[in-house]
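Structure first, commentary second.
The values are calculated or read from the model by the stated rules, or taken from the named source; none is laboratory data. Since we're looking at a predicted model, the values are computed, not measured. Don't worry about glycine lacking a Cβ; one is built from the backbone with ideal geometry, like all the others, and counts go over all protein chains shown. For accessibility, only protein heavy atoms count, side chains too; no ligands or nucleic acids. Shrake-Rupley method; radii C 1.70, N 1.55, O 1.52, S 1.80 Å.
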Amino acid sequence: MTAQRKLHGKPTSFDIAQLAGVSQPTVSRALRGSPSVNAATRQRIEAIARQLNYTVDRSASNLRSGTTRTLALLLFRDPAPDETVVNPFFLGMLGSMMGACAEHGYDLLVSFQQFSSDWHMDYEDSHRADGLILLGYGDYADYEARLVQLVEQGTHFIRWGSVRPGQPGLTIGCDNVAGGAAAARHLIERGRRRIAFLGSATDHYPEFNDRYRGYAAVLGEHGLTVDPRLQVEAISTEDDGTRAARELLQRGVAFDAIVAASDLIALAAMRVLAGAGLNVPYDVAIVGFDDIPAASLANPPLTTVAQDTALAGRRLVEMLLARIGDRSVASTVLPTQLVIRRSSGEGPN
């Protein structure tokens, strides 16, 4: 006779405790995934729960613990005519975030945000989530003030962005300086000498500025002039990439390569150059940044600096849960990798 047929009515955590030979609080902790329960005991409890078709009443459990067992992912829309547009780079993190949340017994609430809204007040304060993951933002000068407010009100949060000393809160980001340097170094090794940069070079967009710093440092190391006429401000949208590439051409300054601060900018620039009768990579070599799916599908396929979105998504969840659990955790920089394709003059595609 199975454990289920020995019972009458809906099974409870007390039934599981009796069959497993443990206390009811131990059952509750095991089914929440608490590390305080050893693996063998947790597996025995989970097996009995499955046999009884027992499901945890998440609402009741969360009410008792004072938590929601939910993390809120706030995804800020890039400024664009179509307000539904989201940077595809961030979408690459979503699957690994969902997987990491599931492994830790959490739900992930995904919310698209207008930066001008009161997103910094809405979630943890109203007990809809135990912590916030922040992806995307506009001008960092405005964004930083919101982060300071989150810190002051004790909100648990983590963000993806540029990692610099003294920033408010917890941040994970890639090594943008090294990535920008790798892009410029690769183009110089391909024999290019007049290398433009499309992207912001100010602290209003610190990730792009770090990429510019890496680019400029490598040019200096090779005795090449950093010509301000070859840098055009742009944010990470195709519309802005199109505008920036057209402006670069209109300046009438010779260039034989472009480092773009994002793949969206790079892909837009490739279309503008083709429209102007320039061949990529023979006339102008191009390197992007992010390795979004469209990069490998472009014609020619785009050389780019890849960020590990799967690792990034997992780390964002794990570090936020560590912060929620009052465990020591510090901002982290992840490595980048140059992916060589035909837009820079050589590659497997």
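What list of ³J(HN,Hα) couplings, whole Hz, do you get for the stretch 156-162 from phi and the Karplus terms 6.51, -1.76, 1.60, once you set θ to phi - 60° and write x for glycine and proline?
For the stretch 156-162, the Karplus curve yields 7, 8, 9, 9, 9, x, 6 Hz.
I'd like the Karplus ³J(HN,Hα) series for the stretch 254-262: coefficients 6.51, -1.76, 1.60, θ = phi - 60°, whole numbers in Hz, and an x wherever there's a Gly or Pro.
After applying 6.51 cos²θ - 1.76 cosθ + 1.60, I find 5, 8, 10, 7, 9, 9, 9, 6, 8 Hz.
What is the percent of Cα-Cα separations in the stretch 121-270 that go past 25 Å?
37 percent
Determine the calculated [θ] at 222 nm for the chain from helices alone, applying -39500 (n - 2.57) to every DSSP H run no shorter than 4 residues and normalising by the residue count; nearest 500 deg cm²/dmol.
Calculated at 222 nm, the ellipticity per residue is -13000 deg cm²/dmol.
Have a look at Val259, Val148, Val163 and tell me which one the Gaussian network model of the chain (Cα, springs below 10 Å) gives the largest fluctuation.
Looking only at Val259, Val148, Val163, the largest GNM fluctuation is found for Val148.
Any chance you could look up the accessible area of Arg246 with a 1.4 Å probe, heavy atoms only, rounded to 10 Å²?
Surface accessible to solvent at Arg246 totals approximately 140 Å².
Could you sort Ser344, Ser36, Ser96 by accessible area so the largest value comes first, with the probe set to 1.4 Å?
Solvent-accessible surface, decreasing: Ser36, Ser96, Ser344.
For the chain, report the accessible area per residue in Å² (1.4 Å probe, heavy atoms, rounded to an integer). Numbers along the way, then the final one.
Working: 16080 Å² over 349 residues.
It amounts to 46 Å² per residue over the chain.
How much accessible surface does Asp227 have with a 1.4 Å probe, in Å² rounded to 10?
We get 20 Å² for Asp227.
Which percent of the accessible area of the stretch 207-261 is formed by carbon and sulfur heavy atoms (probe 1.4 angstrom)?
Looking at the stretch 207-261 in its full context, I get 47 percent from C and S.
Near the amide H of Thr70, under 5 Å away, which other amide H atoms are found, from residues 5 or more places off or on another chain, if H is placed in the peptide plane?
For Thr70, whose amide H was placed from the backbone, the distant partners under 5 Å are Asp107, Asp130.
Looking at the chain, identify the longest residue range that excludes and avoids all GluC sites (Glu not before Pro) in DSSP loops having at most 16 other Cβ atoms within 10 Å. Kindly include the intermediate steps, with their values, before the conclusion.
On the way: sites that count: Glu83, Glu346.
In the chain, the maximal stretch lacking such sites is 84-345.
Out of (1) 100, 49, 32; (2) 83, 44, 37; (3) 79, 55, 41, which label holds the value of Cα extents along the principal axes in Å that was computed here?
(2)
Using label points projected 7 Å from each Cα along Cα→Cβ, tell me how many nm separate Ser328 and Glu103, to one decimal.
2.4 nm
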